[in-house]
Each structure stands twice: as structure tokens, then as C-alpha cells.
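Step one of this worksheet: look at the structure below.
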Amino acid sequence: MDYFIKVIKESIIVVIISSLIGILSGTFLSTNENILSTIPFILLLLPAINSLIGDISTIMISRLTTHLLIGSIPPSIKKSKRLIEDFIGLLLTILLSLAVLLIVGHIITYSTDISLVNPIEIEIIIILTIIIMFGLIFFMMFISSIFLFKRGKDPNNFLIPFITSLIDFLNPFLIIVFITIFI
Amino acid sequence: MEREDSRFTIVKEIFPSETLSIMGSVLAGLILSLIILEFKSFPILILLIPALLSLRGNISSPFIARTAKDLIIGQFNKRNIAENILSTYLLAIITAFLIGIFTLIINIFIFKFNYFSNELFILIPLISMLFTLSLVITISILLNSVVFKFGLDPNNIIPPIMTGIGEFFNVVFFYLTLILLGVP
């Protein structure tokens, strides 16, 4: 039962903390319901924006873990060809996916009569949020993966639950802050 | 399986599945707002929903990543699969229970809604999460194995597809649980 015990031991605390962040996120969203209800385009896309950054972060962490295990990335905080290729590849993917997300959002908006307030400002806010989150998460996850790997832990078990919940909270937080500043 | 993915290989493998994920998430959002909004207890359900969506991601994403890692490093055997599944269920049960307890505490001290009995705060996340995980675990093991057999990296392809599938069915099973428990 070594595998079972390792998974439970490494995951339990972080999963509980992450779920608490999830509850905080729900409370934060309901207290800012007025901002979100006046700009329903954000409300419509928020789950998909969370999923997009969450997916890319999960892929980033699982790739970093695999690279560290098979030795294609050295367990030290320094630039490598593999790391740069992963950074550029994931950045290109997130930008392309974001374009798809915005197009799908517009199609749904027009076909369901959801009002579109300040579309250009909203799009800039979404793009800005995604880029800031991506840069922040990539460097944070790279350093954390190496730290955990060096201590014999599986970064998948620690970082994925933590980062997905942090994204669920930070994403709406950044979007609401930007809306308050720019609109 | 050691591969040297270029930046374009990464885009080529992740982008199509990410597009599917986006579709699933948008669909889940639409279903959520169309169906769950109709419930009388919506003000308290909306407090549970972000935590539940988050929990599914927190539990199933590491499961998928561990399965992919086991395949790549050659440790994908019956024993590891069984222990991976068991630990995932145990984590889900503990966390869903705690989500219910914390939401109940928040409701008692902050919102003070009285739409349904206290035990439903625990039963709703627990039952809907067990339904969702049973489906997500089965599909992700199958997809991981198939993708790996075709010489592709499951890390790149499976997580986004499973997010789309997982989010969609999470909402569907959440709705079915509400119906099953007779939530107003």
C-alpha cells in the first residue's frame, strides 16, 4: 500500500486547503455579484477562463514532473533548452485557446441576447489577466517543482490541487480588480 | 517514453484538446445557469458550486497526472492502478465531507438561509462527487492508455479533454443529486 499511503499523505492537506480556497472563491464571487451581473460576458466565460489556465497549469506541472523524473530538466533553478521550449509552447497554446474562447463567447453572446458592455475593454482585461497569470504560474511552478522533487516528493500531488484552487480565486479577483480600475 | 517535444509539438498536441475543454466548460456554464438557477435554494447552491468544481479538478487532475506518469516511467500495473483509484476516492470522500461542513458553518453564521436540512449540505457534495469521479476515473484510464499506445504524451492531451468532460458531468451529476435528494 506504499503508493496509496504516499498519495494520501502528500495530497490530503493540500486538497483540504484548496477546497477551502474554493469556498472562499464562492463567497468572493457572491459578494461581487453586482459587478458580474452588469457585465454578463465575464460571467459567461469565467468557468472556461478558469479551466483554460487550470488546464495549462496542470499540463505544465505534469510535464515538469516527468522531465525531472526522466532527467530532461536538471533539478536546479536555471534556464534549459527544454524549459524554454515548454514555456513558448504552452504560451502559444494558451494564446490560441484564448482566441477560440473569445470567439465562442461572442457567438454565444450574439445567439442568446446576452448584452455585451465595453467589449474591447473586457477583451483586453481577459487577455491581460491570462498573460499575467501564465507568467506568474510558470515561474512559481518551476521553482516549486524543483524544491519538492529535491525532497523526494511528487510535485503532481502537491502543486496541481494548490494551483487550480489558487487560479479559481485569483482569476475572478484580477478580473474584478481590472474592471474596477479600467471600466 | 522519452520524447523531445518542440514548441510546435506542444501546441499541436494540446490545442485541439484544449478547444474541446473550452467547449465543455462553456456548455457546463450554460447548463448551470439555465438549470440550477431554477432551484428555489439557488442562493445556497451557488456557494457549493465553485468549491465542488474546484474539488473535481483538485482530485481528478492529479489522478490523471499520476496515471500518465506511471505509463511513461513503466509503472502502470494493476496494483498501482488500484491504489491510485482507492486513494482518489478516499480523498474525495474526506474533502466533500469537509466542504459540506464548512458551507454549513458559513450558512449558519453568515447567510442564514433555510432552504433545506443540514445533512443535505454534506450529502449533496458527497454523492455528486462520487458519481462524477466514477465516470472521470474510468474515462481517463481508458484515454490515457489509448493515447500512450499511439505514442503520444498523455500529459499533453488528456488533462484538457478530461476538464471539459469532468466539468460537464460534474454539473449534470450535481443536478441529478439535487433531484435524487429532493432539494427544492
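Between the listed residues A:Ser18, A:Thr180, B:Ser87, the Cα displaced farthest toward the positive end of the dipole of the protein assembly as shown, a dipole computed from Cβ unit charges relative to the Cα centre, is found at B:Ser87. Angle of helix A:119-150 to the longest C-alpha principal axis of chain A, folded into 0 to 90 degrees and rounded to 10: 10°.
On C-alpha positions alone, give me the angle between the axis of helix A:40-70 and the longest principal axis of chain A, in degrees, nearest 10. Once rounded, one gets 10 degrees. Modelled spin labels at A:Thr112 and B:Met23, positioned 7 Å past Cα toward Cβ, are 1.7 nm from each other. Rounded to the nearest 20, the size of the Cβ-charge dipole of segment A:40-182 about its Cα centre is 860 debye, with Lys and Arg at +1 and Asp and Glu at -1.
In Å² (nearest 100), what accessible area is buried between A and B, both sides summed, heavy protein atoms only, 1.4 Å probe?
5000 Å²
Partner shielding of B:164-171 amounts to 1, given as the average count of beta-carbon atoms from other chains within 10 Å of each residue beta-carbon.
In terms of packing, defined here as the mean over residues of other Cβ atoms within 10 angstrom, the peptides A:79-87, B:171-179 line up highest first as B:171-179, A:79-87. Note on the protein assembly as shown: with charges restricted to the Cβ of Lys and Arg (+1) and Asp and Glu (-1), its dipole about the Cα centre is near 960 debye.
Comparing each chain alone with all protein chains together (probe 1.4 Å, DNA, RNA and ligands left out), the residues of segment B:63-77 losing at least 40 Å² of accessible area are B:Ala65, B:Arg66, B:Lys69. Helix-only arithmetic for chain A: the sum of -39500 (n - 2.57) across DSSP H runs with n ≥ 4, divided by the residue total, places the mean residue ellipticity at 222 nm at -31000 deg cm²/dmol.
Other residues lying with their Cβ under 14 Å from the Cβ of B:Asn77 contribute a combined charge of +1, Lys and Arg counting +1, Asp and Glu -1. Normalised per residue, the accessible area of segment B:25-184 is 40 Å², obtained with a 1.4 Å probe and no contribution from ligands, DNA or RNA.
Expressed in units of 2.2 N^0.38 Å, where N is the residue count, the Cα radius of gyration of segment A:40-182 is 1.16. Other residues with beta-carbon under 13 Å from the beta-carbon of B:Ile31 carry, at +1 per Lys or Arg and -1 per Asp or Glu, a net charge of -2.
Over chain A, give the accessible area per residue in Å² for a 1.4 Å probe, as an integer. Intermediate results must be reported in sequence, preceding the final value.
Details: 7540 Å² over 183 residues.
So chain A comes to 41 Å² accessible per residue, rounded to a whole number.
Taking a ≥ b ≥ c as the square roots of the eigenvalues of the Cα gyration tensor, the protein assembly as shown is classed as oblate, since a/c reaches at least 1.5 and a/b does not exceed b/c.
Accessible surface comparison of A:Leu91, B:Leu45, probe 1.4 Å, protein chains only, largest first: the order is A:Leu91, B:Leu45. Counting Cβ atoms of other protein chains within 10 Å of each Cβ in B:80-90 and taking the mean gives 4.
If R0 is taken as 25 Å, the Cβ-Cβ distance between A:Thr38 and B:Phe109 corresponds to a FRET efficiency of 0.30.
The values are calculated or read from the model by the stated rules, or taken from the named source; none is laboratory data. Remember, predicted model here, so these are calculated numbers, not experimental data. Quick reminder, even Gly has a Cβ in these numbers, built from the backbone with ideal geometry, and neighbours come from all protein chains shown. Note: accessible area is taken over every heavy atom of the protein model, side chains too, but ligands, DNA and RNA are not part of it. Shrake-Rupley method; radii C 1.70, N 1.55, O 1.52, S 1.80 Å.
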